[in-house]
Amino acid sequence: MVTEAMNYVFPNDAHAHWTLMIVIYPYITGIVAGAFIVSALAHVFNVRSLMPIAKFALIFALSWLLFVTAPLLNHLGHPERALNMLFTPNFGGPSMMSGFGYIYMSYSILLIFEILFIYRYEMVLLKEKSSGVKKFIYNVLTLWTNDRSPEGRKIDHKVAFVLGAIGIPLASMLHGYVGFIFGAVKTVEWWFTPLMPIIFLLSASVSGVAGMILFYIVIKKITGRMDEVSTDTIKTLVKLLWTFFILDFLFEMIEIAVHAYGGTSGWHHISSALNGPLEWSFWTMQVKVLSIIPFFILMYLSLRNVSRGVLMLVAPLVSLMLLAQVLFMRWNVVIGGQLMAKSERGFATYHPLWFEKEGILMSIILLVAPIVTLWLLSRIFPLWESESDREHSA
């Protein structure tokens, strides 16, 4: 009888109301923020080894930024009402999501303008070689200007520098606010912690840098231009990835340790979840397979002078592992937090289906769509540093 009572779950706790869409939403947002940080290190802090992918980082961030709100709109029962919270915000209630809307719009505008200023000179050159629709697109993006003067180019870079500097805190706020939304939910013991925004921001940096390494090498491999991949660039990205991952994993474990050592009221329920329904996804996959193993691989790549062949093979593999690690982290936090019934008796269950509105197939589509968009944007915006960029920098 005692066992039956402990396994009982109240009816209102039987379902996870935030589904796969709310797992994908912070995942996409994190990649955007992390990729912009890479661009900012090159354009704002003048990290020379990252200049070959500085442009790519901006277009990569934009391709994912366009789909940040797609999971949320798909999750809503009436997506046409989404803008209502922006016109009638209530920051003290559930409409605190309106704050994210303002940050998202501000960051989107800033990123688009920075791309236009970074690419203006190159688009002027490209439209002279283009015709038809493509030339019209370049005319619109450059506002029909043909200025190729050194003074105009210097102004472009000064404006891009200012926008990049402003974009660093905005990109941090973009994903830090996602963590704030979860950290402000008092009804879920696992979420309600001031560390949640920090953890989300650090994991965003991990996923963004890992995505940059993976797609940089994969795109060059597919296009048969592996000889253009800069070894110094990959080494810098690997060291940056290792640094962010150390901090991310440290704070994730600190959060668990604080709950355990503090003996909070819900710790017995959190520990039961971590050692029960979440044991495989948290301890086995997120911690052991996708955290400890990549940690030592990144340490080896960062501290040892490995050959170019080993670096080009191992770096994208470990990056793929960390992209999976962040996805598991999102699942464990978002879904795992909801499995712990507010009755503190037993656990709810959640098994996503393939073809439901917020199911596995839709999640795959939302993760593939930014990659397709990246390919489309590459038809307009050259992804890599050009010869004129190197001459101007020199």
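Read-outs throughout are calculated quantities, based only on the coordinates presented, and are distinct from any laboratory measurement. Everything numeric in this text was worked out from a predicted model, so none of it was measured. Neighbour counts run over all protein chains shown; Cβ positions are idealised from the backbone, glycine included.
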Find the Cα radius of gyration of segment 2-393, compare it with 2.2 N^0.38 Å by division, and give the number to two decimals.
1.06
Cα centroid separation - segment 212-274 against segment 311-339, whole Å:
8
What list of whole percents do you get for P(r) of segment 278-374, with Cα-Cα distances grouped in 10 Å bins up to the one holding the largest distance?
13, 31, 32, 17, 6, 1
Rounded, prolate or oblate: which fits segment 140-179, taking a ≥ b ≥ c as square roots of the Cα gyration tensor eigenvalues, rounded meaning a/c under 1.5, else prolate when a/b beats b/c?
oblate
Cα to Cα, under 26 Å, and not fewer than 8 places away if on the same chain: which lysines meet these conditions relative to Lys55?
Lys127, Lys129, Lys134, Lys135, Lys154, Lys158, Lys220, Lys221, Lys235, Lys239
In segment 352-386, which residues have a backbone nitrogen under 19 Å from the label point lying 7 Å from Arg225's Cα in the Cα-to-Cβ direction?
371-386
Relative contact order for the chain using alpha-carbon pairs under 8 Å, separation at least 6, rounded to a whole percent?
30
Quick calc, segment 2-393, dipole around Cα centre from Cβ unit charges on Lys, Arg (+) and Asp, Glu (-), nearest 20 debye, gives 900
Scan of the chain for trypsin sites (Lys or Arg not before Pro) in DSSP loops with at most 16 other beta-carbon atoms within 10 Å gives a longest site-free stretch of 1-147
What angle do you read, to the nearest 10 degrees and between 0 and 90, between the alpha-carbon axis of helix 97-129 and the longest principal axis of the chain?
20
In terms of the alpha carbon gyration tensor, root eigenvalues a ≥ b ≥ c, rounded if a/c is under 1.5 and otherwise prolate when a/b exceeds b/c or oblate, segment 159-234 is oblate
May I ask you to evaluate 6.51 cos²θ - 1.76 cosθ + 1.60, the Karplus curve with θ = phi - 60°, for each residue of segment 292-303 and list the ³J(HN,Hα) values in order in whole Hz, giving x for glycine and proline?
5, 5, x, 4, 6, 5, 5, 4, 5, 5, 7, 9
